[in-house]
Amino acid sequence: MTEPDTTADGPRPPVRGTASAVAHPNVALVKYWGKRNPTLNIPATGSISATLGGFASRTRVTFFEEAGPDRIQLNGQEADSGTGLRICRFLDLVRREAGFAGAAEVVSDNDFPTAAGLASSASGFAALALASCRALRLDPSPGELSILARRGSGSAARSLHGGFVELKVGSRADGLDTVAVQLAPEAHWDLRVVVAITREEPKEISTTEGMVQTADTSPYYPAWVSSHEPDLGQARQAILARDIEALGQVAECSTLKLHGAILAARPGVIYWNGATVEVLTAIRQLRRKGLPVFFTVDAGPQVKVFCLPEVVAQVERVVAAIPGVRRVLVSGMGGAAQGSP
Ligand code: DP6
């Protein structure tokens, strides 16, 4: 494996290939949490998400003819060692596929705040998978690209597609049928997402760590896995029927079940703060008043509120006025990841 380089500044060796890609983050409506194979990063369950067009990761990958340390720059700064290593390992998968051993340079920027809880690993690894394959003139099928992105981050496979996306759980031990497919394009249903940021600092326990802790110690984890299939069915149906009430029911249930399982781990992980709960309560109040709106929360304290376009301004106002909400971002549905030579 090629280690990331944190020092080199010298002249550039000859370039083998370079390419860029843009991908959008996604928010899971039926969550992924837990792996059936950590080495191949195969999730224990399927998941369904919506791709958000309002935000993007832009990534340029350059491969050099000569071997050497990789250089990884994220949001204008040299990547920390953990993230750098994760990206180098990912690039090794691409290099192996291409039968190539040269060093790489990755420059990636997100146009959304890391604190937004929008899983920059999803859009980041989707863009990286696409750009690195193009840079080495690999031409993977959509399924192969999905498997590659999933090796980087499970949720990244979903960010390759626009609109509403399912990452299939699959049944093969090698994960070759654990691929993301589009359920409906972004134009199918104009949903809006209001992101309530309730904490600007990074979370203390990473997604990957939290998953391991939950799977190893939470008595609710087996129930989380075994109750997933009906949730996926209900969400698929609700999306196809554009039924926001039904989608809200299953999405809120998936969120609360997920956090129930995480809270019951040993030690339990508390990703929420007081403002998180205030937002959830306010959303339920809005729904009781008849507004087409529901919430979802990932492994952090931010709340993503889905609603129909006609109420987005009202939802934004209500959420922004809740004490402890630092900032509010708004997005619509987004399209597929795009590469450019
Ligand atoms: C709570 O895809 O970030 O956002 O595969 O370990 O990189 P790794 O995990 P990641 O997990 C996402 C977890 C989640 C739910 C979801 O997006 O489905």
* Asked: Would a scan of the range 257-272 turn up a residue that is in contact with a helix residue (DSSP H, G or I) (Cβ under 8 Å, 6 or more places away or on another chain), among the aromatic types (Phe, Trp, Tyr) and touching a residue at least 40 places away in the same chain (Cβ under 8 Å)?
  -> yes
* **Subset of the range 206-220 (residues that are open to solvent by 30 Å² or more (accessible area, probe 1.4 Å) and of a type outside the set (A, V, I, L, M, F, W, C))** => Ser206, Thr207, Thr208, Glu209, Gln213, Asp216, Thr217, Pro219, Tyr220
* Of the residues Ala135, Ala98, Ala131, Ala104, which is aliphatic (A, V, I, L, M), open to solvent by 10 Å² or more (accessible area, probe 1.4 Å) and more than 16 Å from the ligand (Cβ to nearest atom)? -> Ala98
* Structure fact -> Those residues of the range 73-97 which are farther than 20 Å from Ser155 by Cβ and either in contact with a Phe, Trp or Tyr (Cβ under 9 Å, 6 or more places away or on another chain) or assigned to a strand (DSSP E or B) (or both) amount to Gln73, Gln77, Glu78, Arg95
* Asked: Going through the range 64-74 one residue at a time, which ones are surrounded by fewer than 15 Cβ atoms within 10 Å (Cβ to Cβ) and of a type outside the set (A, V, I, L, M)?
  -> Glu65, Glu66
* Mind listing whichever residues of the range 183-230 are among the aromatic types (Phe, Trp, Tyr) and within 16 Å of the ligand (Cβ to nearest atom)? => Tyr220, Tyr221, Trp224
* Scan the range 287-301 for residues that are farther than 19 Å from Ala238 by Cβ and away from the ligand (no atom under 11 Å from the Cβ) and report the count. => 3
* To do: Taking Gln249 as the residue in question, decide whether it is open to solvent by 10 Å² or more (accessible area, probe 1.4 Å), touching a helix residue (DSSP H, G or I) at 6+ places or on another chain (Cβ under 8 Å), in contact (Cβ under 8 Å) with a residue 12 or more places away in the chain and farther than 20 Å from Leu52 by Cα.
  => yes
* Residue in the range 293-304 that is open to solvent by 10 Å² or more (accessible area, probe 1.4 Å) and basic (Lys, Arg) present -> no
* Answer from Ala103, Ala79, Ala98 - the residue that is small (Gly, Ala, Ser) and in contact with a Gly (Cβ under 6 Å, 6 or more places away or on another chain) -> Ala103
* Asked: So which of Val61, Val22 is away from the ligand (no atom under 13 Å from the Cβ) and open to solvent by 20 Å² or more (accessible area, probe 1.4 Å)?
  -> Val22
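Every residue, every condition in (1) part of a strand (DSSP E or B); (2) surrounded by 14 or more Cβ atoms within 10 Å (Cβ to Cβ); (3) outside the structural domain of Ala156 (by TED's automatic domain parsing); (4) within 16 Å of the ligand (Cβ to nearest atom), yes or no:
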| site | (1), (2), (3), (4) |
| --- | --- |
| Cys253 | no, yes, yes, yes |
| Leu258 | no, yes, yes, yes |
| Ala261 | no, yes, yes, yes |
| Ala265 | no, yes, yes, yes |
| Glu278 | no, yes, yes, no |
| Ala282 | no, yes, yes, no |
| Glu310 | no, no, yes, no |
| Gly324 | no, yes, yes, no |
* **strands (runs of 3 or more DSSP E) wholly inside the range 151-205 containing at least 1 residues that are in contact with a helix residue (DSSP H, G or I) (Cβ under 9 Å, 6 or more places away or on another chain) and open to solvent by 20 Å² or more (accessible area, probe 1.4 Å)** => 180-184, 192-197
* So which of Glu229, Glu209, Glu166 is at pLDDT 95 or above, acidic (Asp, Glu) and under 17 Å from the mean Cα position of the chain (by Cα)? -> Glu166
* Close pairs from the range 309-323: first more than 15 Å from Arg192 (Cα to Cα), partner open to solvent by 70 Å² or more (accessible area, probe 1.4 Å) and at pLDDT 95 or above, Cβ under 6 Å, at least 6 apart -> Ile322/Glu278
* Got at least one residue in the range 108-117 being within 16 Å of the ligand (Cβ to nearest atom), in contact (Cβ under 8 Å) with a residue 24 or more places away in the chain, surrounded by fewer than 17 Cβ atoms within 10 Å (Cβ to Cβ) and assigned to a helix (DSSP H, G or I)? -> yes
* Cβ-Cβ under 7 Å pairs, at least 6 apart or on other chains, the range 282-306 side over 24 Å from Ala261 (Cα atoms), far side in a loop (DSSP other than H, G, I, E, B) and open to solvent by 10 Å² or more (accessible area, probe 1.4 Å) -> Pro292/Leu308
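The values are calculated or read from the model by the stated rules, or taken from the named source; none is laboratory data. Predicted model, so just to flag it, every value in this text is computed and none were measured. Ideal geometry is used to build each Cβ from the backbone, glycine not excepted, and the neighbour counts take in all protein chains shown. These accessible areas exclude ligands, DNA and RNA; they are computed on the full protein's heavy atoms, side chains included. Shrake-Rupley method; radii C 1.70, N 1.55, O 1.52, S 1.80 Å.
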